[in-house]
Each structure stands twice: as structure tokens, then as C-alpha cells.
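The values are calculated or read from the model by the stated rules, or taken from the named source; none is laboratory data. Keep in mind the model is a prediction, meaning the values are calculated, not measured. Counting neighbours? That spans all protein chains shown, and the Cβs are built from the backbone with ideal geometry, glycine included. Accessible surface is based on the protein model in full, side chains and every heavy atom, while ligands, DNA and RNA are left aside. Shrake-Rupley method; radii C 1.70, N 1.55, O 1.52, S 1.80 Å.
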Amino acid sequence: MNTKLWTVDKQDPIKYSYPQIKEASDLLQEGEVVAFPTETVYGLGANALSDQAVLKIFEAKGRPSDNPLIVHISKKEQLTDLVDNLNGTARKLMDAFWPGPLTLVLPKKEGVSQYVTAGLDTIAVRMPDHPVAQALMEISRLPLAAPSANLSGKPSPTTAMHVEEDLIHKISGIVDGGATGVGLESTVVDCTADVPLILRPGGVTKEQLEEVVGDVEVDPALIHQEEQHKPKSPGMKYTHYAPVAPVYLIDGSKEFLQRTISASLSEGKKVGLLATEETISAMNTTGITAIACGTKTDLSTVATQLYDALRAFNATDVDIIYSEVYPEQGVGVAIMNRLEKAAGHRIIKE
Ligand code: TXA
Ligand code: MG
């Protein structure tokens, strides 16, 4: 398949890149799959109202069919066709955080494609805060089902080039609107119970949610990794975000990290280090591949750069990747959630 590439203005695509947006929107209306930027990561979009179009997403990504998709909308009125019953909590969260990196799980309306929801009686919906995503939905007049635009198991794409690496010749087009901002996927919150439940930590933090709706719970499957906790968000059970070489999280001092690296080097291994700028500049990185990922003074920079850094290791010949850990506060919760998955929960404690 020939994959079209369009480069568009990311501030005002309708004004400055109308022909490109129109061409991409036409393909979406014809039931094709097109990747586009959102403020979190690139999405792989298709008409959410068409079974045929939605099935193409699963095929292109190699995504298991029991993993439901998020439906993206540009106007609240579109909820009428998708959602059965909006409670007060859901309304408050939408008013506070939409458009933005928050996905709400709500009771689904009859008639919504069973492929979108993987047979569940709930639907995940979000309104992205990105002019390019909004322009595509406005011009195509469609709600777009869109998972992250990576091959299943790979880190989510934060640039059009990451999408190309994974999906060239497998999809009809890629709209390049530059690098995404947040860098990690949206927070997924189940609003069907009395107390909202975080199913996936992300760009909107638990603290921010609680300021708007009071108590918020966290899916126990995110805290305890034991078998008996089956995650309520089907996607959270799959290995994700992993580069080719195994990742180990090092929970300890810089000296411990340095000793761990030295031990691997003396075994003849080629070592990669994923850490903040400050950690890398404080360490002896002779003979290793160190890739910097943001600064500790602002964890949102780590979130923005994490997936690009993980992918960058695939262009190196390292046998093993060591990563430092981050404080589990604010966006640090989402960073650690993704790193633990990238590491398959391999953590070495001092
Ligand atoms: O930031 C994002 O959310 C990006 C951009 C493209 O919007 N999208 C994204 O989609 O991360 P995806 O498919 O990679 O992740 C969707 C997550 C999965 O963990 C899935 O299991 C969960 O949302 N999900 C979808 N529908 C659900 C439902 N009805 N109930 C529970 N979890 C659901
Ligand atoms: Mg994904």
C-alpha cells in the first residue's frame, strides 16, 4: 500500500494546510486509516461509525481484538450518538479537562460498533487538544476511533517519523504536524462507578482530577502486579513500550547505578543508559550508550522525551538498557507506569 505523507501547519491547519487536511479527511470518509498528531501521542484514526474502517486499524497495528479503542470527538454534541448516560462526574471532568489528555469510560449507546469497544458495554471517549486532530474531525465530520499509531508492543509514536518506522505501507496516510507535546498517552478514567477510577495514568494527574471531583481511586491492577488483579482496561495487560534490548530499572543511588553498569561491562555486555541530563552528566559514561531524557527539575520534560529515547536505543547495538526511576508524584506516576512496562517489571533494588 502507498502511504501518503502530508506536512501541515500545526497551529492553524485549516487556514494554512487546507488541501492536505481535505485529502486526509476524504480518505477517512472513504473508510481508510490515517495517522495524525494529538497533544499526547500520534493516533491511528478511522471512522468510528464503520466496522470495516475500524477493523483496518486492528489489522495495521497487529492489535489483539479484545483491546478496545478510544473514540475521539471534536464537539460534545457527538457524544449523543456514542454515550448512553452522562453522570455529573463525567460532566465535571469534561468541563474541566476537555479538550485535553483525559479519556472517559462511559456507558455506550446501542449501535456503537462492537469492534470499537471490543464487545464491552462501555466506550472510551476523548476530545484531543490539537488543532490538526480537531481539523481532521471537523472537515471529515466524523468521530475517529484511534489507538496510538505504533505497532502493538512498540513505544507510542511522538513524531511522524516514529509512525513511519512502524506503519509505512500498512496505512493510507500520515499527517505530519510535528512532535507531540505531552509525550505519554491520555489518562483513562472509568466514570461508570460512583467513585471515578483511574485505569491508566497519563497527562492529567490524580491530584488534578481530585481538585475537580473529590475522591478518585486507582485500579488496583496498577499498584499491585499480582496475578489476581485483572486490569479493567484491557490494554494495560499487554507488554508495551518495549525497545528491542531488555530494560532494567535501577532503584538506588548513582553509585549503585554506576556499579551495576560496570558489572555488565566487565561481563562483555554493551550497555545503554536511559537517564535525565543531570544523572548522565554526573556519571562516568565511558564505553556506554547514554541517552538523555529530560530534566529532574521538570518531570513533564521526561514524559515528552521518554518514547523517543526508548526508540533511539533500537538504532544502537546495546545488549541491555539500565534506566533510573522517578518519584511517583504528578506525571511521575505515568512515567513509572510506562517504564515498568517497558522493563517487564524488572527492577533491581540497591
Ligand atoms: O493519548 C491517547 O489516549 C492516545 C491518543 C492517540 O489519543 N490513544 C491511545 O490509545 O493511547 P490506545 O488504544 O493505545 O490505548 C487505549 C487504552 C487501552 O489501554 C484500552 O484498553 C483502554 O484505553 N480502553 C479503551 N476502551 C475501554 C473501555 N471501554 N474500558 C476500559 N478501557 C478501555
Ligand atoms: Mg497504545
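Okay, residues lined up against (1) among the aliphatic types (A, V, I, L, M); (2) over 20 Å from the mean Cα position of the chain (by Cα); (3) away from ligand 2 (no atom under 16 Å from the Cβ); (4) closer than 25 Å to A342 by Cα:
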residue	(1), (2), (3), (4)
A135	yes, yes, yes, no
E138	no, yes, yes, no
P147	no, no, no, yes
K154	no, no, no, yes
L167	yes, no, no, yes
D176	no, no, yes, no
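Within the stretch 169-181, one or more residues are among the aliphatic types (A, V, I, L, M), in a strand (DSSP E or B) and buried (at least 21 other Cβ atoms within 10 Å of the Cβ).
If the condition is being surrounded by 14 or more Cβ atoms within 10 Å (Cβ to Cβ) and part of a helix (DSSP H, G or I), then the stretch 194-221 contributes K206, Q208, L209, V212, V213, P220, A221. Quick check: is even one residue across the stretch 41-56 away from ligand 2 (no atom under 16 Å from the Cβ), touching a helix residue (DSSP H, G or I) at 6+ places or on another chain (Cβ under 7 Å) and more than 23 Å from L199 (Cα to Cα)? Within the stretch 41-56 (the criterion being away from ligand 2 (no atom under 16 Å from the Cβ), touching a helix residue (DSSP H, G or I) at 6+ places or on another chain (Cβ under 7 Å) and more than 23 Å from L199 (Cα to Cα)), the answer is yes, since at least one residue qualifies.
Condition check ((1) in contact with a Pro (Cβ under 7 Å, 6 or more places away or on another chain); (2) buried (at least 19 other Cβ atoms within 10 Å of the Cβ); (3) at pLDDT below 95) across all residues:
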residue	(1), (2), (3)
A24	no, yes, no
F36	no, yes, no
I57	yes, yes, no
P64	no, no, yes
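Taken together, the criteria place T289 among residues that are surrounded by fewer than 20 Cβ atoms within 10 Å (Cβ to Cβ), in contact with a Gly (Cβ under 8 Å, 6 or more places away or on another chain) and not small (G, A, S).
Of the helices (runs of 4 or more DSSP H) that lie entirely inside the stretch 252-344, those containing 3 or more residues that are closer than 26 Å to D166 by Cβ and modelled with pLDDT of 95 or more span 299-312, 332-342.
Every residue, every condition in (1) more than 14 Å from ligand 1 (Cβ to nearest atom); (2) open to solvent by 10 Å² or more (accessible area, probe 1.4 Å); (3) at pLDDT below 95, yes or no:
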position: L86; (1), (2), (3): yes, yes, yes
position: A124; (1), (2), (3): no, yes, no
position: D129; (1), (2), (3): no, yes, no
position: M137; (1), (2), (3): no, no, no
position: A145; (1), (2), (3): no, no, no
position: S152; (1), (2), (3): no, yes, yes
position: P157; (1), (2), (3): no, no, no
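Within this structure, Q20 fails the test of being open to solvent by 70 Å² or more (accessible area, probe 1.4 Å) and under 27 Å from E165 (Cα atoms).
Hey, any hits in the stretch 97-104 for a residue that's within 16 Å of ligand 2 (Cβ to nearest atom), open to solvent by less than 10 Å² (accessible area, probe 1.4 Å) and of a type outside the set (A, V, I, L, M, F, W, C)? Yes: one or more hits. If you filter the stretch 26-40 down to residues that are among the hydrophobic types (A, V, I, L, M, F, W, C) and over 21 Å from the mean Cα position of the chain (by Cα), you find that the one that is nearest to ligand 2 (Cβ to nearest atom) is L28. Cβ-Cβ contacts under 9 Å between residues 6 or more apart (or on different chains), taken from a first residue in the stretch 277-290 that is β-branched (V, I, T) to a second residue that is open to solvent by 70 Å² or more (accessible area, probe 1.4 Å), are listed as T279/K254; T279/K296; I288/K270; T289/K270; T289/D317.
Residues that are within 16 Å of ligand 1 (Cβ to nearest atom), part of a loop (DSSP other than H, G, I, E, B) and of a type in the set (K, R) occur in the stretch 228-251; there is at least one.
Restricting attention to the stretch 253-264, the residues being touching a strand residue (DSSP E or B) at 6+ places or on another chain (Cβ under 8 Å) and surrounded by 15 or more Cβ atoms within 10 Å (Cβ to Cβ) number 4.
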